[in-house]
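Here's a structure for you.
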Amino acid sequence: MKKQKKFYVTTPIYYINDMPHVGHAYTTVIADIITRWHKLKEEDVFFITGTDENSQKTVQAAIKFGFNNTKKFADFMAEHWIKTWKRLNIEYDDFLRTTEERHKNLVLEFTKKVRDKGDIYKGKYSGLYCEGCEAFYMPDDLVNGVCPYHNKTPKEIHEENYFFKLSKYQDKILKMLEKNPKFVQPESRRNEIINFVKNGLKDISISRQTQVWGIPFLDDDKAVFYTWFDALTFYLHPLDYWPADIQLMSKDITKFHCIIWPAMLMSAGYKLPKKIFAHGFFTVNGQKMSKTIGNVIDPNYLVDKYGADAIRYYYAREIPFGNDGDFSEESLKNRMNNELANELGNLLSRTLTLIEKNLDSEVKKDKIDKKLFKNLKIKQLDKFMENLEIHNTIAGIMGFVQDCNKYVNDNKPWEVKDKTKLNKILYNLIEALRITSILIYPFMPETSGKINEQIGQTTESNVIPKLSDCFPGILENTKVKKGDVLFKKLEDKKK
């Protein structure tokens with residue numbers, strides 16, 4: 001038996017100082033789509049996500065939300081994040097909380113290796129600290145004296161802390177970045193990181209004395225781990241799958257993941273991840289997400305209104321992965337109405353209607369019409385996914401759906417009286433729908449299952465389809481049963 005290729009993907013570790021919003025959901029949905037695609041390829045896949053709970057932000061948020069116990073607040077928030085991902089049909093293999101005992105043990109084990117390497121020392125620190133980023137800044141990094149991401153003036157902190165010798169790894173990291181152009185993507189992010197390293201790296205503080213919430217530092221009960229040094233070891237938990245094939249995140253945390261994280265791994269003696277990919281920021285209707293403006297969108301609201309599959313489709317289709325993007329509910333509704341309802345849903349509905357009406361609900365195996373499938377390039381779709389051009393993958397799949405609708409219009413099966421000729425046309429359409437159901441599985445798993453059920457290809461819910469089955473001619477005689485429409489069109493209330 002051929003050994004399965006391993007594939008490991010991670011999301012960032014999400015802060016629990018607030019509820020998940022559409023930006024968090026975007027990263028997690030994309031990670032799930034990538035994971036499911038590699039499952040289609042029959043790979044041994046592992047997908048981890050989770051929550052970063054050992055920060056001062058958690059303590060402040062617990063007070064803000066009216067909790068008198070930080071642990072109870074963390075439990076409450078983690079449960080909410082888990083429920084949200086479930087509603088979006090996120091199929092992770094592990095959801096890890098950094099307050100778990102297994103994580104604490106790994107952090108201590110990892111840090112001992114770094115200390116044994118001689119890369120940890122104690123010293124005094126003064127610096128400008130942004131609580132929003134949980135990071136120190138140099139004056140030159142600020143914009144008009146404030147944090148570029150949180151628009152707040154950092155606090156000046158003076159502490160005696162433990163330090164990690166980040167400066168020791170400057171040359172190694174720079175050499176690695178120049179030698180491995182695919183390590184940081186997209187290219188714009190890679191260039192930023194290289195320039196940052198060239199400007200010189202300074203040792204970083206990896207403990208806090210003024211904070212009581214967190215993992216106690218090695219042999220020092222007066223200090224706790226700095227949240228970033230603690231949290232980054234999160235990714236090592238499925239050690240059998242390390243190094244990660246893809247680590248996904250937004251662009252504001254690339255310095256931690258592309259500089260500090262590799263240096264930590266070099267020090268502790270671990271391999272580096274294969275690829276770190278940073279996507280852009282979301283705006284909402286052209287404006288930055290802000291509670292003050294009131295445009296922070298809860299993914300649960302979207303699921304209630306549009307369904308999980310429509311949101312997953314929109315995320316993949318609307319924004320080239322890696323770019324900044326704008327979330328618009330109007331655009332989501334238009335894509336749902338015009339592409340999912342009019343194109344995909346209508347293709348299934350009218351094909352099954354014709355089969356039920358004219359062929360007694362059964363199509364028999366027939367010859368393949370090569371013209372219908374000539375533009376279906378499975379290898380190209382897979383190449384797009386490998387390059388994280390996810391929007392091109394789903395665009396190619398929907399292009400095939402459009403070809404199928406053109407095939408219906410050109411052949412006009414409703415006018416065909418010859419049952420043999422009609423069977424051939426409809427057999428080819430059912431084959432096209434079967435293949436489409438496989439290809440859309442990573443993007444819209446519920447819709448994929450609904451199509452399979454209606455075209456007589458029902459499988460167990462835990463059985464993953466195979467990309468290798470995406471060629472025409474496999475389908476035998478099959479009975480169809482038309483069900484509910486895949487997507488109900490949403491009408492404009494004004495109309």
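Does the range 419-430 contain at least one residue that is farther than 12 Å from LEU344 by Cβ and in a loop (DSSP other than H, G, I, E, B)? Don't jump to the end; show me each part of the working.
As a first pass, look at the range 419-430 and keep what is farther than 12 Å from LEU344 by Cβ: 419-430.
Next, from what is left, pick out any that are in a loop (DSSP other than H, G, I, E, B): none.
No, the range 419-430 contains no residue that is farther than 12 Å from LEU344 by Cβ and in a loop (DSSP other than H, G, I, E, B).
Quick one: is ASN411 surrounded by fewer than 21 Cβ atoms within 10 Å (Cβ to Cβ) and either farther than 26 Å from VAL29 by Cα or over 21 Å from the mean Cα position of the chain (by Cα) (or both)?
Details: surrounded by fewer than 21 Cβ atoms within 10 Å (Cβ to Cβ): yes; either farther than 26 Å from VAL29 by Cα or over 21 Å from the mean Cα position of the chain (by Cα) (or both): yes.
It is true that ASN411 is surrounded by fewer than 21 Cβ atoms within 10 Å (Cβ to Cβ) and either farther than 26 Å from VAL29 by Cα or over 21 Å from the mean Cα position of the chain (by Cα) (or both).
Can you name every residue in the range 299-335 that is crowded, with 23+ Cβ neighbours inside 10 Å and either assigned by TED's automatic domain parsing to the domain that holds HIS21 or not in a helix (DSSP H, G or I) (or both)?
PHE321, PHE327
With respect to LYS417, is the statement that it is basic (Lys, Arg), farther than 27 Å from ARG335 by Cα and surrounded by fewer than 19 Cβ atoms within 10 Å (Cβ to Cβ) true? Reasoning before the result, please.
Working: basic (Lys, Arg): yes; farther than 27 Å from ARG335 by Cα: yes; surrounded by fewer than 19 Cβ atoms within 10 Å (Cβ to Cβ): yes.
Yes; evaluated as a whole, the condition is true for this residue.
To continue, here is another question. When residues of the range 8-25 are filtered for being in contact with a Ser or Thr (Cβ under 9 Å, 6 or more places away or on another chain) and more than 20 Å from ALA78 (Cβ to Cβ), how many remain?
Going through the range 8-25, the residues in contact with a Ser or Thr (Cβ under 9 Å, 6 or more places away or on another chain) turn out to be 9-17, 19-20, 23-25.
In the following step, the residues that additionally are more than 20 Å from ALA78 (Cβ to Cβ) were identified as 9.
Within the range 8-25, residues that are in contact with a Ser or Thr (Cβ under 9 Å, 6 or more places away or on another chain) and more than 20 Å from ALA78 (Cβ to Cβ) number 1.
Do you know which of the residues in the range 150-196 that are aliphatic (A, V, I, L, M) and not in a helix (DSSP H, G or I) is surrounded by the most Cβ atoms within 10 Å (Cβ to Cβ)? Talk me through it step by step, then tell me what you get.
First, pick out the residues of the range 150-196 that are aliphatic (A, V, I, L, M): 157, 166, 173-174, 176-177, 184, 193-194.
Adding the requirement that they be not in a helix (DSSP H, G or I) leaves 157, 184.
Numbers: ILE157: 16, VAL184: 24.
Looking at residues that are aliphatic (A, V, I, L, M) and not in a helix (DSSP H, G or I), I get VAL184.
Regarding ARG97, is this residue modelled with pLDDT of 75 or more, surrounded by 15 or more Cβ atoms within 10 Å (Cβ to Cβ) and either within 31 Å of the chain's Cα centre (by Cα) or within 23 Å of HIS237 (Cα to Cα) (or both)? I'd like the intermediate steps shown before the answer.
Details: modelled with pLDDT of 75 or more: yes; surrounded by 15 or more Cβ atoms within 10 Å (Cβ to Cβ): yes; either within 31 Å of the chain's Cα centre (by Cα) or within 23 Å of HIS237 (Cα to Cα) (or both): yes.
Yes, satisfied.
Just give me the residues in the range 343-376 being within 16 Å of LYS450 (Cα to Cα), charged (D, E, K, R) and touching a residue at least 60 places away in the same chain (Cβ under 8 Å), in sequence order.
The answer is GLU343, and nothing else.
Listed residues THR210, THR254; which is part of a loop (DSSP other than H, G, I, E, B) and more than 18 Å from THR111 (Cβ to Cβ)? Before the answer, list the steps.
Numbers: THR254 fails: part of a loop (DSSP other than H, G, I, E, B).
Criteria check complete, one pass: THR210.
Let me ask you something else. Read through the list (1) at pLDDT 95 or above; (2) under 25 Å from the mean Cα position of the chain (by Cα), then give the number of the only condition that ILE455 fails.
The number of the failed condition is (2).
From the list THR35, THR49, THR111, pick out the single residue that is modelled with pLDDT of 95 or more, of a type in the set (Ser, Thr, Tyr) and either surrounded by fewer than 17 Cβ atoms within 10 Å (Cβ to Cβ) or out of contact with any helix residue (DSSP H, G or I) (no Cβ under 9 Å at 6 or more places or on another chain) (or both). Before you say what the answer is, go through the steps one by one.
Values: THR49 fails: either surrounded by fewer than 17 Cβ atoms within 10 Å (Cβ to Cβ) or out of contact with any helix residue (DSSP H, G or I) (no Cβ under 9 Å at 6 or more places or on another chain) (or both); THR111 fails: either surrounded by fewer than 17 Cβ atoms within 10 Å (Cβ to Cβ) or out of contact with any helix residue (DSSP H, G or I) (no Cβ under 9 Å at 6 or more places or on another chain) (or both).
Every option except THR35 fails the conditions.
Here's another thing I want to ask about it. Which of the residues belonging to the range 352-377 are part of a helix (DSSP H, G or I) and among the hydroxyl-bearing types (Ser, Thr, Tyr)? So that I can check it myself, show each step before the final result.
In the first step, residues of the range 352-377 are kept if they are part of a helix (DSSP H, G or I); the result is 352-358, 370-373.
Of everything in the range 352-377, just one residue is part of a helix (DSSP H, G or I) and among the hydroxyl-bearing types (Ser, Thr, Tyr), namely THR353.
Can you tell me which residues in the range 378-398 are in contact (Cβ under 8 Å) with a residue 40 or more places away in the chain, closer than 18 Å to PHE183 by Cα and assigned to a helix (DSSP H, G or I)?
Passing the criteria: only MET385.
Turning to a different aspect of this structure: Could you please find all residues in the range 297-316 being under 12 Å from ILE30 (Cβ atoms) and free of Cβ contacts under 8 Å to residues at least 40 places away in the same chain?
TYR314
Of the residues that sit in the range 254-285 and are under 20 Å from PHE321 (Cβ atoms) and over 15 Å from the mean Cα position of the chain (by Cα), which one is surrounded by the most Cβ atoms within 10 Å (Cβ to Cβ)? Show your work before the answer.
Residues of the range 254-285 under 20 Å from PHE321 (Cβ atoms): 254, 257-258, 273-284.
Narrowing further to those that are over 15 Å from the mean Cα position of the chain (by Cα): 254, 257-258, 273-274, 283-284.
Working: THR254: 20, HIS257: 23, CYS258: 25, PRO273: 21, LYS274: 14, THR283: 16, VAL284: 20.
Once the filter is applied, the top-ranked residue is CYS258.
Rundown of residues vs (1) of a type in the set (Val, Ile, Thr); (2) surrounded by 23 or more Cβ atoms within 10 Å (Cβ to Cβ); (3) outside the structural domain of PHE443 (by TED's automatic domain parsing); (4) at positive phi, yes/no style:
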{"site": "TYR14", "(1), (2), (3), (4)": "no, no, yes, no"}
{"site": "THR27", "(1), (2), (3), (4)": "yes, no, yes, no"}
{"site": "ALA61", "(1), (2), (3), (4)": "no, no, yes, no"}
{"site": "PHE67", "(1), (2), (3), (4)": "no, no, yes, no"}
{"site": "ALA74", "(1), (2), (3), (4)": "no, yes, yes, no"}
{"site": "GLU79", "(1), (2), (3), (4)": "no, no, yes, no"}
{"site": "LYS83", "(1), (2), (3), (4)": "no, no, yes, no"}
{"site": "LYS86", "(1), (2), (3), (4)": "no, no, yes, no"}
{"site": "ASP93", "(1), (2), (3), (4)": "no, no, yes, no"}
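Pairs only if they're at least six apart or on different chains, beta carbon under 6 angstrom, first in the range 443-456 and aromatic (Phe, Trp, Tyr), second surrounded by 21 or more Cβ atoms within 10 Å (Cβ to Cβ) and assigned to a helix (DSSP H, G or I); list them, first residue then second.
Between residues of the range 443-456 that are aromatic (Phe, Trp, Tyr) and residues that are surrounded by 21 or more Cβ atoms within 10 Å (Cβ to Cβ) and assigned to a helix (DSSP H, G or I), the close pairs are PHE443/ILE33; PHE443/ARG312; PHE443/TYR313; PHE443/ALA316; PHE443/ILE394.
The values are calculated or read from the model by the stated rules, or taken from the named source; none is laboratory data. The shown structure was predicted, so the numbers you read here are calculated from the model rather than taken from an experiment. So basically every Cβ, Gly included, is an ideal-geometry build from the backbone, and we count neighbours across all protein chains shown.
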